[in-house]
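Enquirer: First the structure, which I've put down as structure tokens, then a few questions once you've had a look.
The values are calculated or read from the model by the stated rules, or taken from the named source; none is laboratory data. Please read these numbers as outputs of a predicted model, since none were measured by experiment. Note that each Cβ is placed from the backbone with ideal geometry, even for glycine, and that neighbours are counted across all protein chains shown.
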Amino acid sequence: METQQKFLGFTLGSNDKAVISLQHITEVLQVSLVDICGVPQMPSYVLGIYNWRGEMLWLVDLEEMLGYPSILPGANFLSKMMAVILEVDGKNLGLLVRSLMDIEWLEPEQIKLPSADFFSPKVAAFLQGYFINALEEMVFNLDAAAIVKSPMWMNQN
């Protein structure tokens with residue numbers, strides 16, 4: 001019985017790994033920082049708005065949102081960053097990530113539920129659970145719906 005699902009893997013910080021289910025990923029693209037229009041009065045991890053297929057797309061520094069150091073220092077204005085575009089219930093959000101890994105097949109039944117004291121509150125708010133991979137590393141399974149529906153930008157759209 002085939003129960004595996006596809007997940008897109010990427011890094012968080014210097015040595016953490018995370019995945020998001022492909023069913024919520026519309027596109028992965030490179031964005032140039034110079035093309036992001038900053039928005040005042042927003043938290044520092046909300047980078048601004050990007051013109052994506054003629055639509056206004058919010059772009060977020062996923063690492064900073066989860067309490068890691070921002071991925072931006074060291075990037076200059078012309079730097080290109082990888083953006084993962086999520087879609088949940090017709091709403092889109094772009095997550096800037098440091099680097100993408102592979103698309104992985106994972107068993108949803110193998111997701112372990114997070115214990116609250118094990119993860120920082122910032123990470124826990126957007127976590128569906130975690131996997132232990134073949135190298136015995138913990139891989140965070142991020143909850144696309146929780147990220148896209150965060151009150152942070154739902155009020156803005």
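Enquirer: Quick one: in region 1-30, of everything that is farther than 14 Å from Ser99 by Cβ and in a loop (DSSP other than H, G, I, E, B), which residue is nearest to the chain's Cα centre (by Cα)?
Expert: By that ranking, first place goes to Gln4.
Enquirer: Something else about it: Picking from Lys91, Lys112, Lys122, which residue would you name as being touching a strand residue (DSSP E or B) at 6+ places or on another chain (Cβ under 7 Å) and charged (D, E, K, R)?
Expert: Lys112
Enquirer: Then there's this: Can you tell me how many residues within region 64-110 are within 15 Å of Met152 (Cβ to Cβ) and either acidic (Asp, Glu) or in contact with a Gly (Cβ under 8 Å, 6 or more places away or on another chain) (or both)?
Expert: Summing the residues that are within 15 Å of Met152 (Cβ to Cβ) and either acidic (Asp, Glu) or in contact with a Gly (Cβ under 8 Å, 6 or more places away or on another chain) (or both) in region 64-110 gives 2.
Enquirer: Tally time: how many residues in region 1-45 are closer than 19 Å to Ala146 by Cα, out of contact with any Leu (no Cβ under 8 Å at 6 or more places or on another chain) and of a type in the set (A, V, I, L, M, F, W, C)?
Expert: 1
Enquirer: Write out, first by first residue and then by second, each pair whose Cβ atoms fall under 7 Å of each other, whose residues are 6+ apart or on separate chains, and whose first residue, in region 97-117, is over 15 Å from Asp16 (Cβ atoms) while the second is assigned to a loop (DSSP other than H, G, I, E, B).
Expert: The qualifying pairs are Trp105/Gln4; Leu106/Gln4; Glu107/Thr3; Glu107/Gln4; Pro108/Thr3; Glu109/Thr3.
Enquirer: Can you tell me which residues in region 1-34 are β-branched (Val, Ile, Thr) and touching a helix residue (DSSP H, G or I) at 6+ places or on another chain (Cβ under 7 Å)?
Expert: Answer for region 1-34, where residues must be β-branched (Val, Ile, Thr) and touching a helix residue (DSSP H, G or I) at 6+ places or on another chain (Cβ under 7 Å): Thr3, Ile20.
Enquirer: Could I ask something else about it? Restricting attention to strands (runs of 3 or more DSSP E) lying wholly within region 69-157, give those where 2 or more residues are surrounded by 13 or more Cβ atoms within 10 Å (Cβ to Cβ) and modelled with pLDDT under 90.
Expert: 80-88, 100-106
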